[in-house]
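The values are calculated or read from the model by the stated rules, or taken from the named source; none is laboratory data. Since we're looking at a predicted model, the values are computed, not measured. Neighbour counts are summed over all protein chains in view; Cβ atoms, including those assigned to glycine, are modelled from backbone coordinates with ideal geometry.
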Amino acid sequence: MQNNHSDVIKYPKPFLKWAGGKKQLLNEFGKILSPVIKDKNTIKRYVEPFVGGGALFFYLKRKYDIEESFISDINKELILAYKTIKIDHKSIIDKLEEIQNKHLQKSEDKRKEHYYQVRNEYNLQIENFDYIKFNEKWIQRTSYLIFLNKTCFNGLFRQNQKGEFNVPFGRYKNPKIYDEKNIIAVNHTLKNTGIYCGDFTQSGRFINKKSILYLDPPYRPLNKTSNFTTYSKKGFGDEDQKRLALFFDKMTRKGAYIILSNSDPKNNLPDDNFFDELYNSYNISRIPAKRFINCDASKRGELNELIITNF
Ligand SMILES: C[S@@+](CC[C@H](N)C(=O)[O-])C[C@H]1O[C@@H](n2cnc3c(N)ncnc32)[C@H](O)[C@@H]1O
């Protein structure tokens, strides 16, 4: 599939809903990155170690030729899904078709029952699951993850201490579980992409002078109640934000073009200079963005997002 560098292209796009997805900031990122993508609309190397749903990754794939990319995340279920679609997207499509048909034929109560049945099976599978070597079970697990993601409450991914997915049923009228054309496009796009599971620091080995590095860590909570930072069993606290700032410095020295986004603590606490101090030698801008992940609908609204670059 040839990119024709047009915004009209719809695919590939994220195949999962992911908290903190950056859909609404894409144009802003595009403007910031365009001066560093000088060479015939080609990005030589793109590295994204907090990839989540991959909103920027897929956006750039729609717009530019990217010679090679490396995506990673600490969430092993998410990374399993990327790897499985890369290896055998056809079986994923067949399996999703089967689950979707089964689900949509049911009445609402029966759909709820079906959701919990799949969630239960998904959780029972954790024990003895081989995340390293591709096997048949990867197809079922990835299809289940996509199904659960599209039918659970708010598209959240949350696990208990045992690593079990524990988000309740979501009650959608006609949930669209998957888009076949998109799964095909995602498979295509992952061909020249390295996919890894691990802490963000491990992506340092892929960084060189020509890399664009996008860092989108879990939000620093704006207040005590909006603490949705647990995409994985381990959270992401201020110590991790500081580790990330050191990584930012190190990768700057390697010559990468870096762009980082985070919530702006000044939204709530105007005197909070946490990020201003951590990144005081770089460019910091504040962009208005809508925030959707808050259990209390009245608290979803427009808030500033921080964008920090080293160029
Ligand atoms: C704000 S989300 C990224 C959202 C993404 N940009 C998108 O468009 O969907 C942050 C991601 O960081 C991952 N994460 C949390 N701690 C991490 C760590 N120490 N190293 C790498 N990834 C981590 C989470 O699993 C989550 O997917």
Q: Of the numbered conditions (1) at pLDDT 95 or above; (2) not in a loop (DSSP other than H, G, I, E, B), residue 167 fails exactly one; give the number of that condition.
A: (2)
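Quick one: which of 67, 28, 48, 108 is surrounded by fewer than 16 Cβ atoms within 10 Å (Cβ to Cβ) and within 21 Å of the chain's Cα centre (by Cα)?
67
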Q) Do any residues in region 109-138 that are within 19 Å of residue 195 (Cα to Cα) have Cβ atoms under 8 Å from those of residues that are in a loop (DSSP other than H, G, I, E, B) and not hydroxyl-bearing (Ser, Thr, Tyr), where the two are at least six apart or on different chains, and which pairs are they? A) 137/125; 137/129; 137/130
Q | Top-ranked residue in region 205-233 [being within 12 Å of the ligand (Cβ to nearest atom), of a type outside the set (Ser, Thr, Tyr) and farther than 20 Å from residue 33 by Cβ; ranked as modelled with the highest pLDDT] | A | 218
Q) Name the pairs whose Cβ atoms lie under 7 Å apart, with the first residue in region 235-262 and modelled with pLDDT of 95 or more, the second of a type in the set (Phe, Trp, Tyr) and surrounded by fewer than 16 Cβ atoms within 10 Å (Cβ to Cβ), and 6 or more positions between them or separate chains? A) 257/311
Q: Sort through 161, 140 and tell me the only one that's modelled with pLDDT under 95 and among the polar types (S, T, N, Q).
A: 161
Q.
Regarding region 157-168, can at least one residue be identified that is buried (at least 17 other Cβ atoms within 10 Å of the Cβ), in contact (Cβ under 8 Å) with a residue 40 or more places away in the chain and under 24 Å from residue 88 (Cβ atoms)?
A. yes
**Q.** Condition check for residue 137: of a type outside the set (A, V, I, L, M, F, W, C) and more than 20 Å from the chain's Cα centre (by Cα)
**A.** yes
Q.
Within region 182-197, does at least one residue satisfy the condition of being under 27 Å from residue 10 (Cα atoms), within 11 Å of the ligand (Cβ to nearest atom) and either part of a loop (DSSP other than H, G, I, E, B) or at pLDDT below 95 (or both)?
A. no
Q: Kindly list, by first and then second residue, each pair from a residue in region 181-206 that is at positive phi to a residue that is within 13 Å of the ligand (Cβ to nearest atom) and not aliphatic (A, V, I, L, M), limited to pairs with Cβ atoms under 9 Å and residues at least 6 apart or on different chains.
A: 198/49; 198/72; 198/73
